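K.L.:
Sharing a structure below in structure tokens format, with a few things to ask.
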Amino acid sequence: MKKRLLLFLLILGLTTSLYANPTKENHAFYFAVIDQPTTSNDIHLQAEIDRIRPQQLAFVVTNGIRTEDEPCTDTFYHERKNLLNESDKPLFLSLAGSDWIGCKNEDGNDIRIERLQRLREILFENDTSFGTATLPLTRQSRNTRYRDFPENTYWQYGSILFATLNLPSDNNHYLHAAGRNNEFEERLVANRFWLQRLFTLARRNRLDGIVIFCDGNPFKNDGSPKALSRDGFKEIRQWLTKLAGTFPGKVLIVHGEAAQKNQAIHWKNNLGLTAAGSTWLEIGVNPNKRTLFSIGKPPAAKKKIKR
């Protein structure tokens, strides 16, 4: 009787371990991320999309679609959307401050909030990535309380949770003028909820890591000798540090404020930072290695031999 009971428990244990997390796969893969140049973005982005076609990448992420010398019209947003859909790989968009903050009308009046709303309506309408090949994603706007934040998304690939976070560069777009920070304050509340949601999901599914794509570097002002009347990244930095401190895996922040010449991942405990440049930055993921994330170039796709 004891032998039968032990055999039953052994089989039950094996079955439980096999099916406890059926979506988690421990295979290595590469993804790529790019930031926008300062000018001539359409030519540059088209060239970069073409350049990565031979690469073996799971997906790509672009930080922003507009540079300061480009228009803010609906026509422009639709044209850029069509360009993103030319990617032969799943392509995700992380919203950048340059996409909407500097927008003005023909009279020179500030229209940034109106343009932000149109960006959300035009570019963040589907539950899939851009590209001829797509991957599913989940938007924060599925929660009716945060229906105005479709740009915050997440998707899982292998044993990693990937996410975008609306975090503009230039001090998180905090305005040093009384009564002008409704956009900042509402986004701060939404971002806090989103970060908590991401870490809860990753812990619940026992994932190996979380990668967050954002425009601004939330740790840029950390320890800076420059006095700021209001550090716009303060809360985000505190939340990230606290959440990462209780997460058993690794957390990688990929931002668009590239300052270092040699691209690398800078780690503090299990929290890493790296910056995207104006050419694709390839990042490797290997759940079977302690480092988990590494900067590297994926092997090129093999050319088919004509017979």
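The values are calculated or read from the model by the stated rules, or taken from the named source; none is laboratory data. Remember, it's a predicted structure, so these values are computed and weren't measured experimentally. A quick note on method: Cβ atoms are made from the backbone with ideal geometry, for glycine too, and the neighbour counts reach across all protein chains shown.
K.L.:
Scan the stretch 120-136 for residues that are touching a helix residue (DSSP H, G or I) at 6+ places or on another chain (Cβ under 6 Å), part of a helix (DSSP H, G or I) and buried (at least 18 other Cβ atoms within 10 Å of the Cβ) and report the count.
P.N.:
Counting residues in the stretch 120-136 that are touching a helix residue (DSSP H, G or I) at 6+ places or on another chain (Cβ under 6 Å), part of a helix (DSSP H, G or I) and buried (at least 18 other Cβ atoms within 10 Å of the Cβ) gives 1.
K.L.:
Taking Trp280 and the conditions (1) farther than 21 Å from Arg51 by Cα; (2) among the aromatic types (Phe, Trp, Tyr); (3) buried (at least 16 other Cβ atoms within 10 Å of the Cβ), which numbered condition does it fall short on, given that it satisfies the others?
P.N.:
(1)
K.L.:
Does any residue of the stretch 80-91 turn out to be outside any loop (DSSP other than H, G, I, E, B), over 18 Å from the mean Cα position of the chain (by Cα) and of a type outside the set (S, T, N, Q)?
P.N.:
Yes: the stretch 80-91 contains one or more residues that are outside any loop (DSSP other than H, G, I, E, B), over 18 Å from the mean Cα position of the chain (by Cα) and of a type outside the set (S, T, N, Q).
K.L.:
Of all residues being among the acidic types (Asp, Glu) and at pLDDT 95 or above in the stretch 205-230, which is surrounded by the most Cβ atoms within 10 Å (Cβ to Cβ)? Just the residue, please.
P.N.:
The extreme case among them is Asp215.
K.L.:
Which ones in the stretch 145-204 are at pLDDT below 95, surrounded by 14 or more Cβ atoms within 10 Å (Cβ to Cβ) and either within 13 Å of the chain's Cα centre (by Cα) or assigned to a loop (DSSP other than H, G, I, E, B) (or both)?
P.N.:
His173, Tyr174, Leu175, Asn181
K.L.:
Right, here's the next one. Starting from residues that are assigned to a helix (DSSP H, G or I) and not β-branched (Val, Ile, Thr), keep the ones in the stretch 92-114 and report whichever is surrounded by the most Cβ atoms within 10 Å (Cβ to Cβ).
P.N.:
The selected residue is Asp99.
K.L.:
Here's something else I'd like to know. Which number in (1) surrounded by 11 or more Cβ atoms within 10 Å (Cβ to Cβ); (2) at pLDDT 85 or above marks the one condition that Gln263 misses?
P.N.:
(2)
K.L.:
Could you please give the count of residues in the stretch 108-144 that are at pLDDT 95 or above, within 29 Å of Asp208 (Cα to Cα) and not hydroxyl-bearing (Ser, Thr, Tyr)?
P.N.:
12
K.L.:
So Pro37 passes all but one of these: (1) modelled with pLDDT of 90 or more; (2) in contact with a helix residue (DSSP H, G or I) (Cβ under 6 Å, 6 or more places away or on another chain). Which condition number does it fail?
P.N.:
The number of the failed condition is (1).
K.L.:
Does Arg237 fit the bill of being assigned to a loop (DSSP other than H, G, I, E, B), of a type outside the set (A, V, I, L, M) and either surrounded by 12 or more Cβ atoms within 10 Å (Cβ to Cβ) or modelled with pLDDT under 90 (or both)?
P.N.:
no
K.L.:
To continue, here is another question. List the residue pairs whose Cβ atoms are under 6 Å apart, where the first residue sits in the stretch 242-258 and is of a type outside the set (A, V, I, L, M) and at pLDDT 95 or above, the second is assigned to a strand (DSSP E or B) and buried (at least 16 other Cβ atoms within 10 Å of the Cβ), and the two are 6 or more positions apart or on different chains.
P.N.:
Gly249/Gly209; Lys250/Gly209; His255/Ala275
K.L.:
Go through Asp50, Asp74 for me and flag whichever is at pLDDT below 95, at negative phi and acidic (Asp, Glu).
P.N.:
So the residue among Asp50, Asp74 that is at pLDDT below 95, at negative phi and acidic (Asp, Glu) is Asp50.
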